Amino acid sequence: MSAVDRCDLRMRVQKALDDFLGAHLPRLEQVSDELAPLGDALVELVAGGKRLRPAFCFWGHRAAGGPDSDALVVAAASLELFQACAIVHDDVMDGSDTRRGLPAVHRRFAAMHRAEDWHGSPEAFGSGAAILLGDLCLSWSDQMLRSSGHPGLVGALPVYDEMRSELMGGQYLDLLEQARGGGSVDRALRVARWKSAKYTIEKPLHLGARLAGAGPDVLAGLSGYGLPLGEAFQLRDDVLGVYGDPSVTGKPAGDDLREGKRTALVAMALEQASPAQASVVRRHLGDPHLDAAGVTALREVLIDTGAVTRVESMIDVLMADAMSALAAAPLDETARQVLGELAVAATARTV
């Protein structure tokens, strides 16, 4: 059984989302039935995904000695709406075409504009609609968490507030790195930590633990596990963005290369690249029309410079650090075992 499916968590998270959206989507239609496409896009968006963030929240709570409850699952499920906000806005900023094998939200609404032959730019309409949908997801994530009815909510809300600020700051750092043209491994790793690692693992763990009333020792132990694991998760995602199987990643092969993402993997390659290899990167990285030959050329540079090997070594070290911290933290033993399994699931070499 997958670690995410323990305690029927995946099904319970989906039910919590379905129940929340079932109660709130009619409010959009009360404004106008022309808002139905926004609701349809949101339902589709939260129908899939790994459910890692709710899982880390749930097991962070259990690790701190908190009991299972429906209110806990609702609070944890709210992180899926938070994630939906992040990916919708991220896809706009990256100019992504797809998400989970479907058109990205901004592409979906641009296509609707084009099909209806409306005035103005389809792309501008699509981006505007996606930004609004992302904002709605953020608002409803907050509402879902605060209406969960969990008795530990007051102590946990500062964690949620801090997580939102960190994500927005990390997103800006990512924009800044792309604008500067990247090149620094340290800056790329800084983006990975603040844009992804903390809100994917550490803060969901802290949210769940604070719902259980956890003190500083438990939170510190969870950070010792969650921070290196979150960075390993993002490094794995960087590798999968170049070498992953499209049927698993939901994106075309090499899509991160077309989008020109200045990841730690790319920065490491440029550090060791010969002039000829650097020229290949400059020529192909960020080309929206990059073909299979261009993807292959960039992949070869990433391998030949040792960047892929270096990233894999970093993942191994970070995983070892995370597992060592997990073993030493003052946590419930059952939760400790599941968190170990979640660590493996979050960094699996699925290519």
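For the range 211-227, filtering for residues that are at negative phi and either of a type in the set (Lys, Arg) or not in a helix (DSSP H, G or I) (or both) leaves 3. Restricted to the range 323-332, and to residues there that are closer than 20 Å to ARG210 by Cβ and aliphatic (A, V, I, L, M), the residue that is surrounded by the most Cβ atoms within 10 Å (Cβ to Cβ) is LEU331. Scanning the range 190-245 for residues that are over 17 Å from the mean Cα position of the chain (by Cα) and at pLDDT below 95 yields TYR243, ASP245. Residue check: ALA335 meets all listed conditions (1) within 20 Å of LEU9 (Cβ to Cβ); (2) exposed (fewer than 14 other Cβ atoms within 10 Å of the Cβ) but one, namely (2). Quick check on ALA23: is it in a helix (DSSP H, G or I) and either surrounded by fewer than 20 Cβ atoms within 10 Å (Cβ to Cβ) or in contact with a helix residue (DSSP H, G or I) (Cβ under 6 Å, 6 or more places away or on another chain) (or both)? Answer is yes for this residue. If the condition is being in contact with a Cys (Cβ under 9 Å, 6 or more places away or on another chain) and either loosely packed, with under 15 Cβ neighbours inside 10 Å or farther than 23 Å from PRO37 by Cβ (or both), then the range 123-163 contributes ASP135, SER139. No other residue among LEU189, LEU205 is of a type outside the set (Val, Ile, Thr), out of contact with any Phe, Trp or Tyr (no Cβ under 8 Å at 6 or more places or on another chain), in contact (Cβ under 8 Å) with a residue 40 or more places away in the chain and buried (at least 17 other Cβ atoms within 10 Å of the Cβ) apart from LEU189. The criterion of at least 1 residues that are over 19 Å from GLU259 (Cβ atoms), touching a residue at least 40 places away in the same chain (Cβ under 8 Å) and of a type in the set (D, E, K, R) is met by the following helices (runs of 4 or more DSSP H) wholly inside the range 40-142: 52-63, 70-94. Quick one: count up the residues across the range 115-140 that are among the aromatic types (Phe, Trp, Tyr) and within 19 Å of GLU44 (Cβ to Cβ). Qualifying residue count, the range 115-140: 2. Screening PHE109, PHE125 for residues that are modelled with pLDDT of 95 or more, touching a His at 6+ places or on another chain (Cβ under 8 Å) and among the aromatic types (Phe, Trp, Tyr) leaves exactly one candidate, PHE125. Which residue out of ARG6, ARG12 is within 24 Å of the chain's Cα centre (by Cα), surrounded by 13 or more Cβ atoms within 10 Å (Cβ to Cβ) and at pLDDT 95 or above? After ruling out the rest, the residue left standing is ARG12.
The values are calculated or read from the model by the stated rules, or taken from the named source; none is laboratory data. Values in this document were obtained by computation on a predicted structure and should not be read as measured data. Cβ sites come from the backbone with ideal geometry, for glycine too, and all protein chains shown count toward neighbours.
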